[in-house]
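Before any comments, here is the structure.
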Amino acid sequence: MKATPTASGRRRMLDHSLLVLGSGALATAMAVLTLGPGVSSASSHREAPLIAGDPRADNTDVYAFTSPDKSDTVTLVANWIPFEEPNGGPNFYAFGEDLRYNIKIDNTGDGNADVTYTWRFKNQTRDAADQFLYNTGQVTTLDDPDLNFRQVYDLIETRGKKSRVLLSNVPAAPSRVGPASMPDYASLRAQAVRGLPGGGKAFAGQAEDPFFADLRVFDLLYGGNLSERGQDTLAGYNVNSVALQIPKKFLALNYTPSRNPVVGIWSTTDRKGVQVSDSRTGHGDKWKQVSRLGNPLVNEVVVPLKYKDAFNTLNPDQDRTVQPVVDKVLDPILPKLIQQVYGVPAPPAPRNDLAEIYLTGICKACGPIQADLNAHRLNRDADLRRIVPAEELRLNMAVPPATNPNRYGVLAGDLAGFPNGRRLTDDVIDISLQAVEGAAQTGQLVPALADGDKVNANEVPFGASFPYLALPHTKSVNSGPSGTAKSKEKSAASLGGVGAVLLAAAGWRMRRRDRS
């Protein structure tokens, strides 16, 4: 059973609820833009109709948190290419050469990026004419001659109109082919962590998918009777990740995190040669944004189908300009669906609490939530006239890391967790279900949904140091023609041992992998 929120945590849960729903409304507003059928513009795990056409451009999740072992820095993580099956050879998984992968930071509150970090990747193949393998022998270093295919990247920092190259031709960690090909993948991953000028670190490469959830929620909310819960649908899959560990001063307004601790974060993917006009696509010379992701579950759960693709083309400063966006913040869809399926009454509209959490950030002057947490208005040097409602993952960098993080984050009084940024361990599914039902206002979990999806943690532990992500899996996710779940691998960070763990939770049983 999940702990009942404390009085102090109640307000924060409300906050989170707005985050999840508000962002969806913003996406709705973006309905005025559409993409042609040849271009994928979806973000998150395949939540938009066009995502299947362009998985390399598909954002899956964004994380932002004060580094637990280096509290003067913030760690930023963005993932792409959902549902990478570990044995997806012979080509495995690569970032797109024709894409720009971005993490953006808004420290003024105007909905525009004040700092942008951009990755551009290039492919390098040693023998394309007489070889089909990803590697031709054991790979022990990133420049190993047996690594037939590899990627290198440039990392560019943009502030205003000025850009500078932070890293050039740096190798990314390769896809993890298997224990025979890469007997010490942890060493390869460590070689892919590079220092940045002025301090900080960077990483790019494959990782275990850190998002944990039972996605059978889309089968009439866990089967219509909560019978479909307890299986981590993402277990066993990998993603492609970029990560940064940046000193807080480089993110803060006027380089002063003590005066200006709040930043908004989101990631985007740009593709060159795509034009968007009246639902038709063409070719051009300019870069076009085809994917966008800030808070989790926004486009998946909040945005109506009509607007999902359009959401990914908008900049956050446009969110407030589309009335359908605002409408879905104040009167979200999900609580009504829960009421229809389970008979749990939907909180009455308008949901001004949600409008505060997702569009403005949380502060006493922003709305009904009487707490100062992560609104840009809390930055002393911010120009209040320029601050606009915008869907961003907001982080107050002044909140120290939690000694004992709670998976409910702000909902349980842990101010270092979601929706104040997002840590790898935050249980965003359970937080969201309770938040949309108004638990932040009542201070009580909704009994019918008290167990959430019964997936309370990632199937393998995360690392204790940057980039914190778990190593990629190597065992096949495929359960075979019988359709029955089979034992999955233990930690990819271990020496390749395989085991199975059977967990029981309130009578529901599930199989999950465990990392040693």
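Derivation of every value follows stated rules applied to the coordinates shown; laboratory data play no part. No experiment lies behind these values; they were computed from the predicted model shown. Glycine gets a Cβ as well: all are built from the backbone with ideal geometry, and neighbour counts include every protein chain shown.
Data overview
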read-out: Stokes-Einstein D for segment 376-418, Kirkwood Rh over Cα pairs, 37 °C, 0.692 mPa s (µm²/s); value: 269 µm²/s
read-out: Mean shadow area of segment 163-260 over all directions, Cα convex hull, nm²; value: 10.8 nm²
read-out: Dipole-positive endmost among LEU337, ASN352, ALA310 within segment 272-427 (Cβ charges, Cα centre); value: ALA310
read-out: Stokes-Einstein D in µm²/s, Kirkwood radius over Cα pairs - segment 54-212 at 37 °C with 0.692 mPa s viscosity; value: 192 µm²/s
read-out: Residue (of THR403, ASN420, LEU378) at the positive-pole extreme of segment 374-466, dipole from beta-carbon charges; value: LEU378
read-out: Reachable lysines, given that their alpha-carbon falls under 16 Å from the alpha-carbon of LYS201 and they are not under 8 places away in the same chain; value: LYS70, LYS248, LYS249
read-out: Computed FRET value (nearest 0.05) for PHE218 with ALA464, which takes r as the C-beta separation and R₀ as 41 Å; value: 0.75
read-out: Interchain or long-range residues, amide H under 5 Å from LYS288's placed H; value: ARG271, LYS272, GLY273, VAL274
read-out: Share of pairwise Cα separations in segment 268-396, more than 25 Å, in percent; value: 37 percent
read-out: Value of relative contact order over segment 307-465, rounded to a whole percent, pairs C-alpha under 8 Å and six or more apart; value: 15 percent
read-out: Per-bin percent of Cα-Cα distances, segment 214-262 [10 Å]; value: 22, 20, 15, 22, 20, 1
read-out: Dipole of segment 149-189 [Lys/Arg +1, Asp/Glu -1 at C-beta], most positive-end residue of GLY178, THR158, SER168; value: THR158
read-out: Potential extension, ALA448-GLU97 segment - 0.36 nm per residue separation minus Cα distance; value: 121.6 nm
